[in-house]
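So the structure is just underneath, and the comments pick up after that.
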Amino acid sequence: MPDSQPLRLTRLAVGELSPVDLTVAPGEVHCLSGPSGCGKSRLLRAVADLEPHDGTAWLGDLAQTALPAHAWRARVMLVPAESQLWADRVGEHLPHVDVADLEALGFSKAVLDWEVSRLSSGEKQRLALLRAISLAPAALLLDEPTANLDDATTRRVERWLLGRLHERCWPVLWVAHAAEQIGRVADRHWRFEDQVLKEASAWT
């Protein structure tokens, strides 16, 4: 088994949210849900050290504050809902990609030669996930990673993604809206109610 560490939030607070205490064990997926605008994405950005916040996050015994922000984000990696690809060609973002992963996500190797400008939002989202996996972080923060996908592609991405997450034993925070998806992917489910994070059923 990989030498994985839990992801812990200790009195972490951003914006109007009440402080959050939460531990995600290696290999676990914890889904976060709640009304639009309640602060789910801001919480992930705070965990990634992209927003000012109170409290801290830990990866095992390593505190977020012990590393420069860019070094922390290489270990605790955020995949935002709207991922940005900055180079002209897809392959420039995926120098170490496994062709089997491309195929699992519905692409052929030819996609590496595509211009980024031709990609749909759903294709960008799948490739951003693949890029994050290929960079081998120690934990993942996923902000609605299938929001731009149809139902069949969503299921396909879920199967691939869960396989990789469990294989590598990463702790994962996953923002999701659909109860059906939460029921399929979550080990635990947390919902924001009036700026307070409360544990909920995985199916509600």
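The values are calculated or read from the model by the stated rules, or taken from the named source; none is laboratory data. This is a predicted model, so every value here is computed, not measured. Note: ideal-geometry Cβ built from the backbone for every residue, glycine included; neighbour counts use all protein chains shown. The area values use the complete protein model at the heavy-atom level, side chains included, leaving out ligands, DNA and RNA. Shrake-Rupley method; radii C 1.70, N 1.55, O 1.52, S 1.80 Å.
Values for this structure:
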| quantity | calculated |
| --- | --- |
| Residue that is surrounded by the fewest Cβ atoms within 10 Å (Cβ to Cβ), among those in region 69-81 that are over 15 Å from TRP174 (Cα atoms) and either in contact with a strand residue (DSSP E or B) (Cβ under 9 Å, 6 or more places away or on another chain) or of a type outside the set (A, V, I, L, M) (or both) | HIS70 |
| Qualifying residues in region 4-43 (those that are touching a Phe, Trp or Tyr at 6+ places or on another chain (Cβ under 9 Å) and basic (Lys, Arg)) - the one nearest to ALA179 (Cα to Cα) | LYS40 |
| Test: VAL172 is surrounded by 20 or more Cβ atoms within 10 Å (Cβ to Cβ) and either hydroxyl-bearing (Ser, Thr, Tyr) or more than 23 Å from ARG42 (Cβ to Cβ) (or both) | no |
| Residue tally, condition closer than 18 Å to GLN64 by Cβ, among the small types (Gly, Ala, Ser) and either surrounded by 22 or more Cβ atoms within 10 Å (Cβ to Cβ) or touching a residue at least 60 places away in the same chain (Cβ under 8 Å) (or both), over region 1-24 | 1 |
| Residue match in region 82-100 (condition: crowded, with 17+ Cβ neighbours inside 10 Å and under 30 Å from ARG8 (Cβ atoms)) | yes |
| Test: TRP114 is of a type in the set (Phe, Trp, Tyr), open to solvent by 10 Å² or more (accessible area, probe 1.4 Å), in contact (Cβ under 8 Å) with a residue 24 or more places away in the chain and under 21 Å from ARG89 (Cβ atoms) | yes |
| Some residue of region 29-36 being of a type in the set (S, T, N, Q), assigned to a strand (DSSP E or B), open to solvent by 40 Å² or more (accessible area, probe 1.4 Å) and more than 22 Å from LYS124 (Cβ to Cβ) | no |
| Selection from region 102-121 of residues that are polar (S, T, N, Q) and over 21 Å from the mean Cα position of the chain (by Cα) | SER108, SER117 |
| Those residues of region 46-59 which are of a type outside the set (Asp, Glu) and surrounded by fewer than 19 Cβ atoms within 10 Å (Cβ to Cβ), in sequence order | LEU50, PRO52, GLY55, THR56 |
| Output for region 36-74, where each listed residue is of a type in the set (A, V, I, L, M) and over 18 Å from the mean Cα position of the chain (by Cα) | LEU62, ALA63, ALA66, LEU67 |
| Hey, ALA179 farther than 16 Å from PRO26 by Cα and either open to solvent by 80 Å² or more (accessible area, probe 1.4 Å) or modelled with pLDDT under 95 (or both) or not | yes |
| Search result, residues across region 157-169 that are open to solvent by 70 Å² or more (accessible area, probe 1.4 Å) and at pLDDT below 95 | HIS166, GLU167 |
| Single residue of LEU141, LEU43, LEU149 found to be open to solvent by less than 50 Å² (accessible area, probe 1.4 Å), hydrophobic (A, V, I, L, M, F, W, C) and touching a Gly at 6+ places or on another chain (Cβ under 6 Å) | LEU149 |
